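Here's the structure, in structure tokens; my notes come after.
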Amino acid sequence: MSFLLASVVCIIGIAGLFYLNRDKALRTSKALWLPVSWLWIVGSRPVSSWLGVQSESGANQQLDGSPTDAFVFLAILAAGTVVLFRRKTRTAAVLRASLPVLIYFIYCLVSISWAPFPAVAFKRWIKAIGDLVMVLVVVTEADPIAALRRFFSRVGFILLPASVLFIRYSDLGRGYDPDGGFMNTGVATNKNTLGVVTFVISLGTLWTVRALLRARGEPNRGRRLLAQGTLLAFGVALLTMAHSATSVACFALGTVLILTTGLPSIKRRPNAVHALVLTILLAGGITMLFGGEGSVLHAMGRQTNLTGRTDIWKAVIPAVPNRLIGAGFESFWISPSREKVWRSLSGWYGVQGLNTAHNGYIEIYLNLGWVGVCLISLVLISGYQRAVAAFRRDPAIGGLMLAYVATSAIYSVTEAGFRTLAPIWIILLLALVAAGGTAAGLVRSRAPQLPSARTRRLRGRSSRPELDLPSQGGTMETIGDVLPKVWNA
């Protein structure tokens, strides 16, 4: 099959997924397309790359970036800011429930003052604020749970099928890593980005599939389950194609957490969540204690030095310009310290393209020092506590947030997961803010705004005036009043 014909089939398939997944009972605003577009870009390639716009290369590219990309991000950020201003009451309440996240962002802003290029660091901080703004747009929707489901679906329906298309039928989805090894990239620029965006969307899809399987009386459940099941199948297939061991492991862990926290025995005893997480940590610790990490890593396709990551860690840690406060927000890899790292790893092929420590905690240390490490630890610990509190209030949403917090923390052991414009960082922020809002009672699912399909059919068949429902804004209470009349008719 040619790429053109495969593209047509893919477009029709994507349209079919959107059609099958439609649900008029879920009310979300058009503003939800802003965070969807943001993650489309972050999880694939820059707009300038899609448009074929030439930009600066080398050091200038790292310092200045692409004007086209900057304009697109700024436009989406401005629109998102306007949306939050119109929702200022809800936004302020959600932010108050996410205080550790705010403290972290404030320190990042302060750290710009000692960055080698303050203007560049400030631009990157603005993009980081864009990540937070997009998360707030989702969480401050009138029905945040419906918004979450549509957010995952809309991102996944585009990126995942398109990635399979690119890998199977075009060189656009294939490439080579700095060591010359072949890799599948899909719509992304490298296998790690493809792996992480696939795993975070697949976890959200699994959460939706589980909810649909349990909601037997849900309107149009069959076709929506078909759409979500197809998306989950795409995700599993892409995780296999990406060969990103970290993403595969995190998806497996997240799946265990989502499915286990859905068990009735766990729901009845929320404190059992602590035991579940502790069991997972102990399993990993015992494996390392008895020297089993080598076998595990080989089974996952890793070397015992984590594919060279430990060598990078040994080179970058001594190169930090200030152990207490770091090099400044997102500034280590544009600082003179970068040259020290390159000289230490001079035997590596493509070392001068290295711009990450491949460890989120070390990356924070390089940019923000020990103060930053303590703050990100506070963010994760408080996020875990809020996720558990959210689980006590609403086990369904709390289980998903717990899975994202746990997998983000683990993912960042071998990848730079706390960086601006990274899919895993955006999803972690989403989990932190949503968990805080849920624990505070600010994030909860609303009752359907439209009557069910069965009720509408019954209404159409009856001529009795007392069976007429409001044309819009119907509530569960109204439907509950009508159904007994139908039963007695």
Pairing a residue in the range 1-16 that is at pLDDT below 90 with any residue that is surrounded by 11 or more Cβ atoms within 10 Å (Cβ to Cβ), where Cβ atoms lie under 7 Å and the two sit 6 or more apart in sequence or on different chains, gives MET1/TYR169; PHE3/TYR169; PHE3/SER170
Of the listed residues (GLY217, GLY222, GLY156), the one being small (Gly, Ala, Ser), under 23 Å from LYS24 (Cβ atoms) and at pLDDT 95 or above is GLY156
Just one listed residue, out of THR246, THR255, is at pLDDT 90 or above and either under 16 Å from the mean Cα position of the chain (by Cα) or at negative phi (or both), and it is THR255
Picked from the range 125-183 (must be within 21 Å of the chain's Cα centre (by Cα) and of a type in the set (Lys, Arg)), the residue farthest from LEU225 (Cα to Cα) is LYS127
Scanning the range 350-362 residue by residue, those assigned to a helix (DSSP H, G or I) and within 19 Å of the chain's Cα centre (by Cα) turn out to be GLY360, TYR361
Inside the range 149-179, the number of residues satisfying the requirement of being more than 26 Å from LEU430 (Cβ to Cβ) and either among the charged types (D, E, K, R) or not assigned by TED's automatic domain parsing to the domain that holds ILE11 (or both) is 5
Verdict on LEU306 being surrounded by 18 or more Cβ atoms within 10 Å (Cβ to Cβ), at pLDDT below 75 and out of contact with any His (no Cβ under 7 Å at 6 or more places or on another chain): yes
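So how many residues does the range 17-46 have that are over 23 Å from PRO219 (Cβ atoms) and either touching a residue at least 40 places away in the same chain (Cβ under 8 Å) or part of a helix (DSSP H, G or I) (or both)?
Within the range 17-46, residues that are over 23 Å from PRO219 (Cβ atoms) and either touching a residue at least 40 places away in the same chain (Cβ under 8 Å) or part of a helix (DSSP H, G or I) (or both) number 14.
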PRO161 vs (1) in a loop (DSSP other than H, G, I, E, B); (2) more than 19 Å from LEU32 (Cα to Cα); (3) touching a Leu at 6+ places or on another chain (Cβ under 9 Å): all pass except (1)
* If we scan the range 228-243, do we find a residue that is at pLDDT below 85 and among the hydroxyl-bearing types (Ser, Thr, Tyr)? -> no
task: For SER202, indicate whether it is hydroxyl-bearing (Ser, Thr, Tyr), in contact (Cβ under 8 Å) with a residue 24 or more places away in the chain and loosely packed, with under 15 Cβ neighbours inside 10 Å.
output: no
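The values are calculated or read from the model by the stated rules, or taken from the named source; none is laboratory data. The shown structure was predicted, so the numbers you read here are calculated from the model rather than taken from an experiment. Glycine also receives a Cβ, built like all others from the backbone with ideal geometry; neighbour counts cover every protein chain displayed.
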